[in-house]
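These notes are about the structure you will find just below.
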Amino acid sequence: MNRATLADPPLDVARLRADFPILAQTINGRPLVYLDNGASSQRPRAVIDAERRYAEEMHANVHRGVHTLSQRATDAFEAARERVRRFINARSIREVVFTRGTTESINLVANSFLRPRLKPGDEILISWLEHHANIVPWQMACEATGAVLKVAPINRQGELDLDAFQALLSDRTKLVATAHVSNALGTVMPVREIVTLAHARGVPVLLDGAQAVPHFALDMQALDCDFYAFSGHKLYGPDGIGVLYGRESLLEAMPPWQGGGDMILSVSFTGTTYNQLPFKFEAGTPHMSGAVGLAAAIDYVDGIGLGRIAAWERMLLDYASERLSAIDGLTVIGTAKDKASLVSFVLDGVHPHDIGTILDQQGVAIRTGHHCAMPAIEFFGVPATARASFAFYNTREEIDVLVDAVTAARDMFR
Ligand code: 7TS
């Protein structure tokens with residue numbers, strides 16, 4: 001490939017990389033090449049500083065005290081909620097529930113929204129490429145109620161078969177739940193079509209946005225989904241904090257999932273009155289510094305611009321796909337027309353775990369395994385893949401290091 005023909009979108013990556021202290025280190029004597037952003041991306045200093053400032057200047061318990069620190073913590077926590085609302089263009093902060101992450105957000109919907117509505121024979125429709133977090137909570141709901149999990153197929157490129165999806169929608173379907181972007185294959189799902197088809201039959205839609213949020217600008221009102229789940233740690237923010245967006249009318253009608261402090265207005269032994277939205281779904285002390293850090297991550301990402309991030313990552317994806325596919329013996333798993341910035345692959349004669357170990361010796365961090373999406377990986381007849389997932393702070397030079405390391409791994413086993 002002629003590297004000189006690749007036009008550089010206007011992103012000063014060298015300057016941006018300096019914002020990420022963790023990227024400046026060596027691993028096994030080599031400069032770190034961090035290509036495991038699909039699992040967790042790294043935090044810029046702005047996020048680390050925001051979390052530290054919270055701890056040094058504001059920390060106390062939220063929504064409880066009249067004292068100054070508690071007010072400061074509450075203000076910071078609620079300002080973070082408003083920042084998330086603006087980022088995803090939700091109508092109201094009542095639609096923004098803080099959770100531990102995508103997994104907890106989906107479990108909240110499974111337990112509070114879905115279970116009380118399910119009768120034996122009802123159906124939940126997902127796709128074949130889901131992360132386990134968007135499979136198992138629905139299976140558990142099915143086990144408890146006698147409902148049935150339906151799975152829409154994918155093709156050999158790893159794209160959803162939209163006709164089959166439509167055909168699987170029925171009068172018994174109580175919820176559609178699909179990824180926005182597949183973590184195992186990188187496929188960008190046709191979420192607008194999914195929402196339109198489901199809503200045409202009156203079926204609500206949950207989108208698992210864990211892998212979409214770092215890559216595209218989101219607009220809940222335009223997307224018109226009913227629930228949207230994501231995690232802070234994939235968006236350059238802290239771990240242990242995530243978001244459930246929910247349409248207000250649905251959240252309003254849902255019972256609380258967990259009981260405890262903060263989710264009540266009054267408690268007596270004869271009965272308890274629940275708090276208003278979104279606090280009804282936030283039992284116990286929340287991850288306050290995490291929310292503050294998430295807001296700082298959103299400020300940081302917005303400061304760069306998701307459009308510019310997407311353009312840079314597109315370039316990285318095209319470059320990596322082209323160079324990796326040119327390696328003799330390497331097969332890319334997941335070749336959808338519309339992909340986000342990751343490449344899953346297998347190498348003839350080398351187990352993905354061995355690829356991961358050999359790459360680590362070169363300072364290159366990738367993920368290997370089934371990526372918590374066993375059905376999606378097994379669909380391609382392999383037990384595991386190696387996955388390189390990119391962020392805006394990655395460079396073409398890093399992809400060159402990846403390609404050289406993968407080639408060396410192949411040669412070691414020849
Ligand atoms: N859904 C998708 C599509 C994901 O990629 C992940 C995490 C989750 C849900 C769960 O998110 P959590 O923050 O609640 O754990 N995916 C990955 C991954 O691809 N490698 O490590 C975690």
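Name every residue in segment 121-145 that is out of contact with any Cys (no Cβ under 6 Å at 6 or more places or on another chain) and over 20 Å from residue 204 (Cβ atoms), in order of residue number.
128, 129, 143
Among residues belonging to segment 157-211 that are of a type in the set (D, E, K, R) and out of contact with any Ser or Thr (no Cβ under 8 Å at 6 or more places or on another chain), point out the one that is surrounded by the most Cβ atoms within 10 Å (Cβ to Cβ).
It comes out as 174.
Every residue, every condition in (1) more than 16 Å from the ligand (Cβ to nearest atom); (2) within 26 Å of residue 153 (Cβ to Cβ); (3) in the same structural domain as residue 100 (by TED's automatic domain parsing), yes or no:
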| site | (1), (2), (3) |
| --- | --- |
| 201 | yes, yes, yes |
| 219 | yes, no, yes |
| 224 | yes, yes, yes |
| 228 | no, yes, yes |
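Considering only segment 170-199, state which residues are away from the ligand (no atom under 16 Å from the Cβ) and among the polar types (S, T, N, Q).
170, 173, 196
Only residues in segment 39-68 that are within 27 Å of residue 131 (Cβ to Cβ) count as the first member; pair them with residues that are of a type in the set (Asp, Glu) and within 16 Å of the ligand (Cβ to nearest atom), Cβ under 8 angstrom, at least 6 apart or cross-chain, and list the lot.
These pairs meet every condition: 40/239.
Among (1) of a type outside the set (A, V, I, L, M); (2) buried (at least 24 other Cβ atoms within 10 Å of the Cβ); (3) in a loop (DSSP other than H, G, I, E, B), which single condition is residue 216 missing?
The number of the failed condition is (2).
Take segment 219-247 and flag every residue that is crowded, with 22+ Cβ neighbours inside 10 Å and part of a loop (DSSP other than H, G, I, E, B).
225, 226, 235, 236, 237, 238, 241
For residue 167, all conditions in the list (1) in contact with a helix residue (DSSP H, G or I) (Cβ under 7 Å, 6 or more places away or on another chain); (2) away from the ligand (no atom under 16 Å from the Cβ); (3) among the hydrophobic types (A, V, I, L, M, F, W, C) hold save one; what is the number of the exception?
Among (1) in contact with a helix residue (DSSP H, G or I) (Cβ under 7 Å, 6 or more places away or on another chain); (2) away from the ligand (no atom under 16 Å from the Cβ); (3) among the hydrophobic types (A, V, I, L, M, F, W, C), residue 167 violates only (1).
A quick yes/no check of all residues on (1) polar (S, T, N, Q); (2) within 16 Å of the ligand (Cβ to nearest atom); (3) assigned to a loop (DSSP other than H, G, I, E, B); (4) within 30 Å of residue 358 (Cα to Cα):
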residue: 23; (1), (2), (3), (4): no, no, no, yes
residue: 46; (1), (2), (3), (4): no, no, no, no
residue: 52; (1), (2), (3), (4): no, no, no, no
residue: 55; (1), (2), (3), (4): no, no, no, no
residue: 60; (1), (2), (3), (4): no, no, yes, no
residue: 65; (1), (2), (3), (4): no, no, yes, no
residue: 84; (1), (2), (3), (4): no, yes, no, no
residue: 112; (1), (2), (3), (4): yes, no, no, no
residue: 129; (1), (2), (3), (4): no, yes, yes, yes
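Filter segment 131-158 down to residues that are within 16 Å of the ligand (Cβ to nearest atom) and of a type in the set (S, T, N, Q), then give me how many there are.
2
Spot the failing condition for residue 396; the list is (1) surrounded by 23 or more Cβ atoms within 10 Å (Cβ to Cβ); (2) over 20 Å from the mean Cα position of the chain (by Cα), and only one is missed.
Going through the list (1) surrounded by 23 or more Cβ atoms within 10 Å (Cβ to Cβ); (2) over 20 Å from the mean Cα position of the chain (by Cα), residue 396 breaks only (1).
Restricting attention to segment 310-358, report how many residues are outside any helix (DSSP H, G or I) and either in contact with a helix residue (DSSP H, G or I) (Cβ under 7 Å, 6 or more places away or on another chain) or of a type in the set (A, V, I, L, M, F, W, C) (or both).
Here is the first cut: in segment 310-358, the ones outside any helix (DSSP H, G or I) are 326-351.
Checking the rest, the ones that are also either in contact with a helix residue (DSSP H, G or I) (Cβ under 7 Å, 6 or more places away or on another chain) or of a type in the set (A, V, I, L, M, F, W, C) (or both) come to 326-327, 329-330, 332-333, 336, 339-343, 345-347, 350.
So the answer is 16.
Identify, please: which residue in segment 86-110 is part of a loop (DSSP other than H, G, I, E, B) and within 16 Å of the ligand (Cβ to nearest atom) and is, among those, surrounded by the most Cβ atoms within 10 Å (Cβ to Cβ)?
101
Condition check ((1) touching a residue at least 24 places away in the same chain (Cβ under 8 Å); (2) away from the ligand (no atom under 16 Å from the Cβ); (3) of a type in the set (S, T, N, Q)) across all residues:
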site: 361; (1), (2), (3): yes, yes, yes
site: 365; (1), (2), (3): yes, no, no
site: 377; (1), (2), (3): yes, no, no
site: 385; (1), (2), (3): yes, no, yes
site: 390; (1), (2), (3): yes, no, no
site: 400; (1), (2), (3): yes, yes, no
site: 403; (1), (2), (3): yes, yes, no
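The values are calculated or read from the model by the stated rules, or taken from the named source; none is laboratory data. On a predicted model such as this, the values are computed, not experimentally measured, just so you know. Every residue, glycine among them, receives a Cβ derived from its backbone with ideal geometry; neighbour counts consider all protein chains shown.
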